[in-house]
Amino acid sequence: MMRTIENIYRVVVALMFALGLLHTGLALVVYDHLTAGALWFAGTGLLIMIMAVLNWLVLRTGARDSAVNRIAAAANLVVAAFAGIASLLIQEPQAYALLALFVAGALLPDRLRQAALLERGGANAAPERRIVKVARYRVKATELGTVESAILEFVAAVRRAEAHTVYEAYRQPDGVTFLHFMSFANAGAEQMHRQAPYTLRFVDVLYPRCED
């Protein structure tokens, strides 16, 4: 599943970059001298290519960097809205093509992340043998910034050091509760995780800032 989504995403990125390059190049054909319209036309092409690069970064990180995913999805959504308005005004095939590409770009980062989680969750262990745990921590409102920064740093450390551990943290709608999802390959992997220096540092930051 992950490979299929990656391949679809690669096609979307390639088409996005090609259309952006074509749009920029056409500025030299459509306009015979430098005008505000020529700059606007070429700038639109450059924007499309920049969006292609942003989506490529999601592929490059395997959708594991949640910040990159959120930025890419939001940027694609905003540009898709403009492409939708443009398609209503222009009503030309290229406008519809861009709209479809940016809608796909808004949806694919999350799909790829979910597929990556499923694939990593099954790595080197049968599903029934993995150890899955869920924890909730309610944080003092005055300590939210400190805890959220510590969580981001901790999750990044786990992903770097524990190839077969799935660890995700989500902030709940109430704004002060964090849900932690953990999946370990076996009991040994869980024990190593608990004794890791980055885990101990995280616990030292988290626990004093939680409500009883």
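If I filter region 25-43 down to residues being within 17 Å of Val79 (Cα to Cα) and buried (at least 17 other Cβ atoms within 10 Å of the Cβ), which single residue comes out as modelled with the lowest pLDDT? By that ranking, first place goes to Phe41. Would you mind telling me which numbered condition in (1) farther than 22 Å from Arg171 by Cβ; (2) crowded, with 20+ Cβ neighbours inside 10 Å; (3) at pLDDT below 85 Ala125 fails? Ala125 satisfies every listed condition except (2). Of the residues making up region 129-180, those that are among the polar types (S, T, N, Q) and within 15 Å of Leu206 (Cα to Cα) are Thr142, Thr146, Ser149, Thr177.
Quick check: is even one residue across region 154-177 assigned to a helix (DSSP H, G or I), hydrophobic (A, V, I, L, M, F, W, C), farther than 22 Å from Arg138 by Cα and modelled with pLDDT under 90? Checked against the condition, which is being assigned to a helix (DSSP H, G or I), hydrophobic (A, V, I, L, M, F, W, C), farther than 22 Å from Arg138 by Cα and modelled with pLDDT under 90, region 154-177 yields at least one hit.
In region 71-88, the condition of being among the polar types (S, T, N, Q) and part of a helix (DSSP H, G or I) is met by at least one residue. Of all residue pairs spaced 6 or more apart or on separate chains, those with beta-carbon atoms under 8 Å, a first member in region 40-68 that is more than 21 Å from Val103 (Cβ to Cβ) and a second member that is assigned to a loop (DSSP other than H, G, I, E, B) and among the hydroxyl-bearing types (Ser, Thr, Tyr) are Phe41/Tyr31. All but one of (1) within 13 Å of Val147 (Cα to Cα); (2) among the hydrophobic types (A, V, I, L, M, F, W, C); (3) surrounded by 16 or more Cβ atoms within 10 Å (Cβ to Cβ) hold for Val203; which doesn't? Failed condition: (3). Restricting attention to region 189-200 and to residues that are in contact with an Asp or Glu (Cβ under 9 Å, 6 or more places away or on another chain) and part of a helix (DSSP H, G or I), the residue that is surrounded by the fewest Cβ atoms within 10 Å (Cβ to Cβ) turns out to be Met192.
The values are calculated or read from the model by the stated rules, or taken from the named source; none is laboratory data. Keep in mind it's a predicted model, so treat the numbers as computed, not measured. Don't worry about glycine lacking a Cβ; one is built from the backbone with ideal geometry, like all the others, and counts go over all protein chains shown.
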